[in-house]
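Reading through the structure tokens given below for one structure.
The values are calculated or read from the model by the stated rules, or taken from the named source; none is laboratory data. Here the structure is a predicted model, which is why all the values come from computation and not from measurement. Because the Cβ atoms are built from the backbone with ideal geometry, glycine has one as well, and the counts that use them run over all protein chains shown. Just the protein is used for accessible areas: all its heavy atoms, side chains included, with ligands, DNA and RNA removed. Shrake-Rupley method; radii C 1.70, N 1.55, O 1.52, S 1.80 Å.
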Amino acid sequence: MNVSKPSLLHPVSRMRMLLLILLIAFPVSPSMVWAQEDFRVDTISDALFQHMQGKSYPEECTISRSDLRMVSVLHVDFQGNTRHGVIICNKAIAKDLLDIFRELYRQRYPIAQIRPIDDFDANDERSMQANNTSCFCYRVVNGSKHLSMHARGLAIDLNPLQNPCVKRRKDGTLFIQPRTARPYVNRARTFKYKITHNDLAYRLFAQHGFTWGGDWRSLKDYQHFEKKP
């Protein structure tokens, strides 16, 4: 007669082991630890604020933590999968972003990823090359001493790889950010994920009072939407 041996693991222990295996097999970004399942606005938690320290929120940051919000969203990635997203922004535009990204998700508008720039050590170039959509980052405008609208959490960059920032220098050469976005500089070309005046994202942001960097004259920042409170 064969007698099966009793399990050596308690059910709770087995569950913990399963979760550990899943985390190893399918790692998540740090920001996803506090991502919410639904669309909602929250204050900045202690855990998230700690993650921001020395990155998007340096010692010299003059923006109050109480003026920032975490917006949890869902979005569809380029492969058609539903993903969680986390946006750190100014409380003045939190409801706008919630409504905009809810509608983008409802209409299955593709967004590569949405993570706080702190997941990239607040390195703007790295975040953009990863095609990451992000909002708050305390920094100055490139080539100036003026605070960016991102520093106040009032601007967001959407699908930045396909929608780069482009400026012609005095010597005729092009400044392109991210550097890997040269194939997307020519806006007369047809390619996926290009933001134009007919694009759903442009129309939604415009309806909520945002201006688009693609309409600027001194430079073209096709990924950039900002709103002055």
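Which ones in region 135-162 are among the small types (Gly, Ala, Ser) and under 18 Å from LYS220 (Cα atoms)? Give the steps one after another, and end with the answer.
First, pick out the residues of region 135-162 that are among the small types (Gly, Ala, Ser): 143-144, 148, 151, 153, 155.
GLY143, SER144, SER148, ALA155, listed by residue number.
Could you give every pair whose Cβ atoms fall below 9 Å, whose first residue belongs to region 36-56 and is closer than 29 Å to GLU103 by Cα and assigned to a strand (DSSP E or B), and whose second residue is modelled with pLDDT under 95 and open to solvent by less than 80 Å² (accessible area, probe 1.4 Å), counting only separations of at least 6 or pairs across chains?
ASP42/TRP34; ASP42/GLN36
Spot the failing condition for GLU103; the list is (1) of a type outside the set (Ser, Thr, Tyr); (2) under 26 Å from CYS165 (Cβ atoms); (3) within 15 Å of the chain's Cα centre (by Cα), and only one is missed.
Of (1) of a type outside the set (Ser, Thr, Tyr); (2) under 26 Å from CYS165 (Cβ atoms); (3) within 15 Å of the chain's Cα centre (by Cα), only one is false for GLU103: (3).
Which of the residues that make up region 189-229 are closer than 19 Å to LEU147 by Cβ, free of Cβ contacts under 8 Å to residues at least 60 places away in the same chain and assigned to a loop (DSSP other than H, G, I, E, B)?
Of everything in region 189-229, those that are closer than 19 Å to LEU147 by Cβ, free of Cβ contacts under 8 Å to residues at least 60 places away in the same chain and assigned to a loop (DSSP other than H, G, I, E, B) turn out to be TRP216, SER218, LEU219.
Residues of region 172-193 being more than 17 Å from TRP216 (Cβ to Cβ) and charged (D, E, K, R), which ones?
Matches in region 172-193: ARG179, ARG182, ARG189, LYS192.
Confirm whether PRO178 is surrounded by 20 or more Cβ atoms within 10 Å (Cβ to Cβ) and in contact with a strand residue (DSSP E or B) (Cβ under 7 Å, 6 or more places away or on another chain).
Values: surrounded by 20 or more Cβ atoms within 10 Å (Cβ to Cβ): yes; in contact with a strand residue (DSSP E or B) (Cβ under 7 Å, 6 or more places away or on another chain): no.
No: the conditions fail for PRO178.
Please name all residue pairs, on different chains or six or more residues apart, with Cβ atoms under 6 Å, provided the first residue is in region 153-170 and is over 17 Å from LYS95 (Cα atoms) and the second residue is acidic (Asp, Glu) and part of a strand (DSSP E or B).
Partner pairs satisfying both residue conditions: CYS165/ASP221.
Which residues, counting only those in region 64-78, are assigned to a loop (DSSP other than H, G, I, E, B), touching a strand residue (DSSP E or B) at 6+ places or on another chain (Cβ under 9 Å) and either modelled with pLDDT under 95 or open to solvent by 30 Å² or more (accessible area, probe 1.4 Å) (or both)?
Residues of region 64-78 that are assigned to a loop (DSSP other than H, G, I, E, B), as a first pass: 64, 77-78.
This time we only want the ones that are touching a strand residue (DSSP E or B) at 6+ places or on another chain (Cβ under 9 Å), so: 77-78.
PHE78, the sole residue that qualifies.
Given the conditions (1) at pLDDT 95 or above; (2) buried (at least 18 other Cβ atoms within 10 Å of the Cβ); (3) touching a strand residue (DSSP E or B) at 6+ places or on another chain (Cβ under 8 Å), and given that ILE100 satisfies all but one, which numbered condition is not satisfied?
(3) is the only condition that ILE100 fails.
Give, as residue ranges, the strands (runs of 3 or more DSSP E) completely inside region 138-183 that count at least 3 residues that are within 22 Å of the chain's Cα centre (by Cα) and within 30 Å of ASP67 (Cα to Cα). Full working, then the answer.
Working: elements: 155-157, 165-168, 174-177.
Answer list for region 138-183: 155-157.
Being farther than 21 Å from GLU226 by Cα and open to solvent by 70 Å² or more (accessible area, probe 1.4 Å) is the requirement here; does ASP215 meet it?
no
Do we have LEU204 as touching a helix residue (DSSP H, G or I) at 6+ places or on another chain (Cβ under 7 Å) and among the hydrophobic types (A, V, I, L, M, F, W, C) here? Talk me through it step by step, then tell me what you get.
On the way: touching a helix residue (DSSP H, G or I) at 6+ places or on another chain (Cβ under 7 Å): yes; among the hydrophobic types (A, V, I, L, M, F, W, C): yes.
For LEU204, the condition - touching a helix residue (DSSP H, G or I) at 6+ places or on another chain (Cβ under 7 Å) and among the hydrophobic types (A, V, I, L, M, F, W, C) - is met.
Yes/no per residue for (1) closer than 18 Å to CYS135 by Cβ; (2) in contact with a Gly (Cβ under 9 Å, 6 or more places away or on another chain); (3) at pLDDT 95 or above:
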| site | (1), (2), (3) |
| --- | --- |
| ARG168 | no, no, no |
| ARG179 | no, no, yes |
| TYR184 | no, no, yes |
| THR196 | no, yes, yes |
| ASP199 | no, no, yes |
| PHE205 | yes, no, yes |
| ASP221 | yes, yes, yes |
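Give me the residue from region 120-137 that is open to solvent by 20 Å² or more (accessible area, probe 1.4 Å) and touching a Pro at 6+ places or on another chain (Cβ under 6 Å) and, out of that set, nearest to TYR57 (Cα to Cα). Walk me through how you get there before you give the answer.
Going through region 120-137, the residues open to solvent by 20 Å² or more (accessible area, probe 1.4 Å) turn out to be 121-126, 129-130.
So of that shortlist, the ones also touching a Pro at 6+ places or on another chain (Cβ under 6 Å) come out as 125, 129.
On the way: GLU125: 17, GLN129: 21 Å.
That would be GLU125.
Within region 67-112, track down each residue that is polar (S, T, N, Q) and closer than 18 Å to MET52 by Cβ.
Answer for region 67-112, where residues must be polar (S, T, N, Q) and closer than 18 Å to MET52 by Cβ: SER72, ASN90.
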